[in-house]
Amino acid sequence: MDIKARFAHATAKKILKEKYEAKMLFAFHEGMWKADEQLISTLNSTNTEIMYLIDLYGNPCKVPRIAFRDIVIQRWQETMNKWHSEYTLAMQER
C-alpha cells in the first residue's frame, strides 16, 4: 500500500468516525447527551428509578433511568450498526 492510499484510508476512516459520533448526540430531559459505552455503563450501574447526571454541557439533569437507558442503548446500537455497515462496505471497495 503506498503513502497516498494509506492517507486516503486514514482520512476516510476519520470522516466516517466524525459522521457517526455526531449521530450519537441527542437531547433528553433538558440535557444534551452522547450515547456511548460510559453512559450505558453508568445507567446500568444502579437500580434506582431516578438518576441525576451531568450532561455534555455540565448541567445536572434528573432522568428516569430505565426510559433513558433504553433510548441510549437504542441510539447506540442503531448508530453502531450503520457505522459498521458503512465501514465494512468502504473496506471492501479497497
message = Can you confirm whether Arg75 is in a helix (DSSP H, G or I), surrounded by 13 or more Cβ atoms within 10 Å (Cβ to Cβ), at negative phi and in contact with a strand residue (DSSP E or B) (Cβ under 8 Å, 6 or more places away or on another chain)?
response = yes
inquiry  = When you scan region 37-54, do you find a residue that is of a type outside the set (A, V, I, L, M), touching a strand residue (DSSP E or B) at 6+ places or on another chain (Cβ under 6 Å) and on the phi < 0 side of the Ramachandran plot, even just one?
reply    = yes
query = How do the pairs read when you match residues in region 1-22 that are in a helix (DSSP H, G or I) with residues anywhere that are at pLDDT 75 or above and among the polar types (S, T, N, Q), using Cβ under 6 Å and keeping only pairs 6 or more apart or on different chains?
reply = Tyr20/Thr79
task = Would you check if Leu25 is touching a strand residue (DSSP E or B) at 6+ places or on another chain (Cβ under 6 Å), under 28 Å from Glu86 (Cβ atoms) and surrounded by 10 or more Cβ atoms within 10 Å (Cβ to Cβ)?
result = yes
Pair list, Cβ < 7 Å and 6+ apart or interchain, from region 30-49 residues that are among the basic types (Lys, Arg) to residues that are surrounded by fewer than 16 Cβ atoms within 10 Å (Cβ to Cβ) and assigned to a loop (DSSP other than H, G, I, E, B) = Lys34/Leu56
ask   = For region 2-22, what are the residues that are loosely packed, with under 12 Cβ neighbours inside 10 Å and either in contact with a Pro (Cβ under 8 Å, 6 or more places away or on another chain) or among the small types (Gly, Ala, Ser) (or both)?
value = Ala5, Ala10, Ala22
task = Count, please, the residues in region 28-42 that happen to be part of a helix (DSSP H, G or I) and over 16 Å from Asn81 (Cβ atoms).
result = 4
Single residue of region 78-94 satisfying the filter (surrounded by 12 or more Cβ atoms within 10 Å (Cβ to Cβ) and under 15 Å from the mean Cα position of the chain (by Cα)) that is nearest to Lys17 (Cα to Cα) = Trp83
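The values are calculated or read from the model by the stated rules, or taken from the named source; none is laboratory data. No experiment lies behind these values; they were computed from the predicted model shown. So basically every Cβ, Gly included, is an ideal-geometry build from the backbone, and we count neighbours across all protein chains shown.
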